[in-house]
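Shown next, in structure tokens, is the structure this report addresses.
The values are calculated or read from the model by the stated rules, or taken from the named source; none is laboratory data. Just so it is clear, the structure is predicted and the values come from calculations on it, not from any experiment. Glycine gets a Cβ as well: all are built from the backbone with ideal geometry, and neighbour counts include every protein chain shown. To get the accessible areas, we keep the full protein, side chains included, count just its heavy atoms, and leave off ligands, DNA and RNA. Shrake-Rupley method; radii C 1.70, N 1.55, O 1.52, S 1.80 Å.
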Amino acid sequence: MNQLPLARRVQIIQLIVEGNSLRGTSRIADVSINTVTKLFLDVAEACVKFHSKTVANLYCKELQCDELWSFVYSKDRDAVPDTPGIGSVYTWTAIDPRTKLMVSWYAGLRDQNSAYIFMRDVKARIRNRPQITTDGFSAYREAIDDTFGSRIDFAQLIKYYGGKPDSSDEERSGKYGDAEKRIITGNPDLRKATTAHVERHNLTIRMANRRFQRRTNAFSKKLENHRLSVGLFATYYNFVRRHATLRITPAMAAKVTNRFMTIEDMVLLTHQFPRGPKQKELYI
């Protein structure tokens, strides 16, 4: 079977992780969309397996968690009712604000079940008792209590848009917002209770992954491919991309690895983690 030269495959993945759509990549690299699609799926699946195996047994003093909105196939107002995998999708992310490592992610709904899946994965990757800070979404409380129990220092940053509920009408009018820090479990340091780093990281995802841009025709058509795109980004962000502040990659800062990976290394992961049984991908 014909295979693109390694340099051309590296070019295609480089274009994708830097925010180009698949069809835009096919035009720039002068290859067919089917070739780009197949390479994306092969490399992305290998990256998901590599990241799951490598980002483990971490020591994290702090973790910040948040959810990032996007959609698959169509927005909610245009989605067919009771059709799974279509409509709003939230990508749950957890980062270490010290090393900027993207510890865990999960693309699903913004509900209790997704919170459980996400927090169980977070717990499986760390070996110590960290301080976790989230926004005020109630699903975090049950999920963290179920997975960590009392072995966690957990605080929530409750944001009020337009002022706190007990504010007078005069105080609330014209006021952009306010925030309150609450201790939920353990003894967290409220001075460090913030979600600023993970929210900034969400912006990085939106800029680097065309599927997350709010006005685009490059949105995902299948939930599984949307998840694979996040896995591709996570490996690139953690292991390849030099962080502007750290001057090294987040994986190096977290002592997961001692060297920079390259896009070529990502492409060659397909030999170490081959894709499963071939499936016919009609939409990407």
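Checking the table 159/181; 123/159; 159/192; 53/123; 100/192 against a 20 Å threshold on Cα-Cα, which pairs fail? List each step's numbers first, then the result.
Working: 159/181 9 Å; 123/159 26 Å; 159/192 16 Å; 53/123 14 Å; 100/192 15 Å.
Cα-Cα > 20 Å for 123/159; rest within.
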Seminar exercise, completed: Probe 1.4 Å, all chains present, heavy atoms only: residue 220 accessible area in Å², nearest 10, is 0 Å²
Problem set entry | Beta bridges per DSSP with both ends in the chain, % antiparallel, nearest 5 | 70 percent
For this session: Round to the nearest 10 and give me the degree value, 0 to 90, for the angle of helix 223-235's Cα axis relative to the longest principal axis of the chain.
Result: 90 degrees
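Using a 10 angstrom Cβ neighbour count of at most 11 plus a DSSP loop assignment to flag exposed chymotrypsin sites (Phe, Trp or Tyr not before Pro), which longest range of the chain is free of such sites?
Details: sites that count: 161, 176, 283.
My reading of the result: 1-160 is the longest stretch.
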Seminar exercise, completed: Length gained, residue 3-residue 182, 0.36 nm per residue minus C-alpha separation, equals 58.9 nm
Exercise. Hey, any idea what % of the stretch 1-157's accessible area is carbon plus sulfur with a 1.4 Å probe?
Worked result: 48 percent
Problem set entry | Spin-label model distance (nm) - residue 98 vs residue 151, 7 Å beyond Cα toward Cβ | 1.9 nm
Seminar exercise, completed: So residue 77 and residue 207, fully extended at 0.36 nm per residue minus their Cα-Cα distance, gain in nm 44.3 nm
Seminar exercise, completed: For the chain, whose charge dipole is built from +1 on Lys and Arg Cβ atoms and -1 on Asp and Glu Cβ atoms, the candidate among 13, 57, 217 with its Cα farthest towards the positive end is 13
Problem set entry | Net charge contributed by nearby residues that have their C-beta within less than 11 Å of residue 208 (K/R +1, D/E -1) | +3
Problem set entry | Crossing angle, helix 139-148 versus the chain [Cα axis fit, 0-90 degrees, rounded to tens] | 80 degrees
Exercise. Where a ≥ b ≥ c are the square roots of the eigenvalues of the C-alpha gyration tensor, would you call the stretch 1-63 rounded, which needs a/c under 1.5, or, failing that, prolate if a/b is larger than b/c, or oblate?
Worked result: prolate
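Based on DSSP H runs of at least 4 residues, each adding -39500 (n - 2.57), what is the mean residue ellipticity at 222 nm of the chain after dividing by all its residues, to the nearest 500 deg cm²/dmol? All intermediate terms of the calculation are to be shown ahead of the outcome.
Details: 10 runs with 110 residues, N = 284.
Only helices count here, giving -11500 deg cm²/dmol.
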Exercise. Full extension from residue 111 to residue 189: what is 0.36 nm times the residue separation minus their Cα-Cα distance, to one decimal in nm?
Worked result: 25.3 nm
Exercise. Which angle from 0 to 90°, rounded to the nearest 10, does the C-alpha axis of helix 196-208 make with the longest principal axis of the chain?
Worked result: 20 degrees
For this session: Starting from the Cα gyration tensor of the chain, take the square roots of the eigenvalues, sort them a ≥ b ≥ c, and report rounded, prolate or oblate (rounded when a/c is under 1.5, otherwise prolate if a/b is larger than b/c, else oblate).
Result: prolate
Exercise. Where a Cα-Cα gap under 18 Å defines reach, which aspartates and glutamates qualify for residue 75, not counting those fewer than 8 residues away within the same chain?
Worked result: 67, 111, 224
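Please say if the stretch 1-143 is rounded, prolate or oblate, where rounded means a/c under 1.5 for a ≥ b ≥ c the square roots of the C-alpha gyration tensor eigenvalues, and otherwise the choice is prolate for a/b larger than b/c and oblate otherwise?
Working: a/c = 2.60, a/b = 1.43, b/c = 1.82.
Verdict is oblate for the stretch 1-143.
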For this session: Looking at the stretch 34-131, send over the antiparallel percent of its DSSP beta bridges, to the nearest 5.
Result: 90 percent
